[in-house]
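K.L.:
Quick one: structure below, then a few questions.
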Amino acid sequence: MRIFDPHIHMSSRTTDDYRAMRDAGVRALVEPAFWLGQPRTNVGSFLDYFDALLGWEPYRAAEHGITHHCALALNPKEANDPRCVPVLAELDRYLRKDSVVAVGEIGYDSMTPAEDEALAAQLQLAVDHELPALVHTPHRDKVAGVARTIDVVRESALPTDRVLLDHLNETTVAAAKDSGCWLGFSVYPDTKMDETRMVRLLREYGPEKVLVNSAADWGNSDPLKTRKVGEAMLADGFSDDEVDLVLWRNPVAFYALSGRLDLGERPERDDYAGNVLRRGAPADS
């Protein structure tokens, strides 16, 4: 089983997670920019974080046989903080980088006017840079949030078939599918979706344009949820080809819209910016 996790926050995960993901079949991932768990206080914090997603994390991933790309943006939660909004002016130069395959994650958290402005501005950045957009749908008032998101996308110059609506569930999947957007589902231990519900939705709506992710971060999350969805699909009678479509070919097709997706094997390096993962001599067997 080959797996592409299209939304995971590896900056919050350990090297043990990279190792376990590789063993489970994960060969590629996209890490979208998001919040730090506590408020950022200046734009410089974003820039250091973006630099890490462009340099340090691809190095860490390659050391464990996983190809790493990223999506960059001002996230919805921090779009409400005047200290953070000026990062929008810095995004142009970052979105030109080769390993950036989408603008994201953008969208709504509390559906405020500030979030409206940030979403519209970043959809335009996606147009300007010929990138697809990874859109975070809100965890609260989700039905209204998805409807509002679709309206804003349709008002933008970015075609719906270049937009991935993420964090969908049973209450929002029909509207998202009707919009023409790609369909993203985050599978979590306690919240969002689980494997059983995901399989039911795949039975009802089909696997086309569906992307399943772990969205693993600092909270109670599991970077192996993609693998567990694949196993649940097989147990329910889905074919190997259908599993491959959901867990590999669909995310490849979506992020290939950027023209930058490179799944060729990347050579391992001994260090990145003077930092190394391999320390000490291996123990004698």
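The values are calculated or read from the model by the stated rules, or taken from the named source; none is laboratory data. In this text the structure is predicted, and so the values were computed from the model without any measurement. Cβ placement follows ideal geometry from the backbone for every residue including glycine, while neighbour counts extend to all protein chains displayed.
K.L.:
State yes or no: is Val199 over 18 Å from Ile106 (Cβ atoms), in a helix (DSSP H, G or I) and β-branched (Val, Ile, Thr)?
P.N.:
Numbers: over 18 Å from Ile106 (Cβ atoms): yes; in a helix (DSSP H, G or I): yes; β-branched (Val, Ile, Thr): yes.
The answer is yes for Val199.
K.L.:
Any residue in segment 169-186 that's touching a residue at least 24 places away in the same chain (Cβ under 8 Å): show its pairings with residues that are small (Gly, Ala, Ser) and surrounded by 18 or more Cβ atoms within 10 Å (Cβ to Cβ) at Cβ separation under 8 Å, as long as the two are six or more apart or on different chains.
P.N.:
If the second residue must be small (Gly, Ala, Ser) and surrounded by 18 or more Cβ atoms within 10 Å (Cβ to Cβ), the pairs left are Leu183/Ala176; Ser186/Ser214; Ser186/Ala215.
K.L.:
From the list Pro138, Pro113, pick out the single residue that is over 16 Å from Lys177 (Cα atoms) and free of Cβ contacts under 8 Å to residues at least 12 places away in the same chain.
P.N.:
Values: Pro138 fails: free of Cβ contacts under 8 Å to residues at least 12 places away in the same chain.
Unique residue meeting the criteria: Pro113.
Residue by residue, here is whether (1) in contact with a Phe, Trp or Tyr (Cβ under 8 Å, 6 or more places away or on another chain); (2) of a type in the set (Lys, Arg); (3) farther than 28 Å from Tyr94 by Cα holds:
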{"position": "Thr172", "(1), (2), (3)": "no, no, yes"}
{"position": "Val187", "(1), (2), (3)": "no, no, yes"}
{"position": "Met193", "(1), (2), (3)": "yes, no, yes"}
{"position": "Val199", "(1), (2), (3)": "yes, no, yes"}
{"position": "Leu202", "(1), (2), (3)": "yes, no, yes"}
{"position": "Lys225", "(1), (2), (3)": "yes, yes, yes"}
{"position": "Gly230", "(1), (2), (3)": "no, no, yes"}
{"position": "Asp244", "(1), (2), (3)": "no, no, yes"}
{"position": "Val276", "(1), (2), (3)": "no, no, no"}
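K.L.:
Pairs only if they're at least six apart or on different chains, beta carbon under 6 angstrom, first in segment 151-166 and of a type in the set (Lys, Arg), second surrounded by 23 or more Cβ atoms within 10 Å (Cβ to Cβ); list them, first residue then second.
P.N.:
Pairs that qualify, where the first residue is of a type in the set (Lys, Arg) and the partner is surrounded by 23 or more Cβ atoms within 10 Å (Cβ to Cβ), are Arg162/Pro132.
K.L.:
Which of (1) touching a strand residue (DSSP E or B) at 6+ places or on another chain (Cβ under 7 Å); (2) on the phi > 0 side of the Ramachandran plot; (3) exposed (fewer than 15 other Cβ atoms within 10 Å of the Cβ) is the odd one out, the single condition Leu263 does not satisfy?
P.N.:
Tallying (1) touching a strand residue (DSSP E or B) at 6+ places or on another chain (Cβ under 7 Å); (2) on the phi > 0 side of the Ramachandran plot; (3) exposed (fewer than 15 other Cβ atoms within 10 Å of the Cβ), Leu263 fails exactly one: (2).
K.L.:
Can you tell me which of Ser221, Ser156, Ser179 is more than 13 Å from Leu134 (Cα to Cα) and at pLDDT below 95? It would help to see each step written out before you state the result.
P.N.:
On the way: Ser156 fails: at pLDDT below 95; Ser179 fails: at pLDDT below 95.
The unique qualifying residue is Ser221.
K.L.:
Would segment 191-200 turn up any residue that is more than 22 Å from Glu78 (Cβ to Cβ), at pLDDT 95 or above and basic (Lys, Arg)?
P.N.:
There is at least one residue in segment 191-200 that is more than 22 Å from Glu78 (Cβ to Cβ), at pLDDT 95 or above and basic (Lys, Arg).
K.L.:
Considering each residue of segment 1-54, count those that are in a loop (DSSP other than H, G, I, E, B) and of a type in the set (D, E, K, R), and give that number.
P.N.:
Residues meeting the conditions: 3.
K.L.:
Right, something else. Please work out which residue is surrounded by the most Cβ atoms within 10 Å (Cβ to Cβ), limiting yourself to segment 154-196 and to residues that are in contact with a His (Cβ under 7 Å, 6 or more places away or on another chain) and not in a loop (DSSP other than H, G, I, E, B). Give the steps one after another, and end with the answer.
P.N.:
Going residue by residue through segment 154-196, those that are in contact with a His (Cβ under 7 Å, 6 or more places away or on another chain) are 166-167, 184, 186, 192.
Subset that is not in a loop (DSSP other than H, G, I, E, B): 166, 184, 186, 192.
Working: Asp166: 26, Gly184: 28, Ser186: 25, Lys192: 20.
Checking each candidate, the answer is Gly184.
K.L.:
For Leu119, state whether it is aliphatic (A, V, I, L, M) and either touching a residue at least 60 places away in the same chain (Cβ under 8 Å) or touching a Leu at 6+ places or on another chain (Cβ under 6 Å) (or both). Don't jump to the end; show me each part of the working.
P.N.:
On the way: aliphatic (A, V, I, L, M): yes; either touching a residue at least 60 places away in the same chain (Cβ under 8 Å) or touching a Leu at 6+ places or on another chain (Cβ under 6 Å) (or both): no.
Spelling it out, it is not the case that Leu119 is aliphatic (A, V, I, L, M) and either touching a residue at least 60 places away in the same chain (Cβ under 8 Å) or touching a Leu at 6+ places or on another chain (Cβ under 6 Å) (or both).
K.L.:
Ok, one more. How about segment 100-141: which of its residues are under 17 Å from Leu261 (Cα atoms) and crowded, with 20+ Cβ neighbours inside 10 Å? Steps first, please.
P.N.:
Kept after step one, since they are under 17 Å from Leu261 (Cα atoms), are these residues of segment 100-141: 100-104, 126, 129-134.
Residues satisfying the conditions are Val100, Val101, Ala102, Val103, Gly104, Ala126, Leu131, Pro132, Ala133, Leu134.
K.L.:
Basic (Lys, Arg) and over 18 Å from Phe34 (Cβ atoms): does that describe Arg83? Break it down into steps so the answer makes sense when it comes.
P.N.:
Working: basic (Lys, Arg): yes; over 18 Å from Phe34 (Cβ atoms): no.
Taking the combined requirement at face value, the residue does not satisfy it.
K.L.:
Could you list, in sequence order, all residues of segment 180-222 that are aliphatic (A, V, I, L, M) and within 19 Å of the chain's Cα centre (by Cα)?
P.N.:
Residues of segment 180-222 aliphatic (A, V, I, L, M): 183, 187, 193, 198-199, 201-202, 210-212, 215-216.
Within segment 180-222, Leu183, Val187, Met193, Met198, Val210, Leu211, Val212, Ala215, Ala216 meet the criteria.
K.L.:
If you don't mind, there's one more thing I want to ask. Checking Thr149 against (1) at pLDDT 95 or above; (2) within 19 Å of Asn75 (Cβ to Cβ); (3) surrounded by fewer than 23 Cβ atoms within 10 Å (Cβ to Cβ), which test does it fail?
P.N.:
(3)
K.L.:
Here's something else I'd like to know. Residue check: is Asp51 closer than 23 Å to Glu130 by Cα, free of Cβ contacts under 8 Å to residues at least 12 places away in the same chain, surrounded by fewer than 20 Cβ atoms within 10 Å (Cβ to Cβ) and acidic (Asp, Glu)?
P.N.:
Numbers: closer than 23 Å to Glu130 by Cα: yes; free of Cβ contacts under 8 Å to residues at least 12 places away in the same chain: yes; surrounded by fewer than 20 Cβ atoms within 10 Å (Cβ to Cβ): yes; acidic (Asp, Glu): yes.
Spelling it out, Asp51 is indeed closer than 23 Å to Glu130 by Cα, free of Cβ contacts under 8 Å to residues at least 12 places away in the same chain, surrounded by fewer than 20 Cβ atoms within 10 Å (Cβ to Cβ) and acidic (Asp, Glu).
K.L.:
Can you name every residue in segment 209-266 that is within 22 Å of Ser12 (Cα to Cα), of a type in the set (D, E, K, R) and not in a helix (DSSP H, G or I)?
P.N.:
The answer is Asp217, Asp222.
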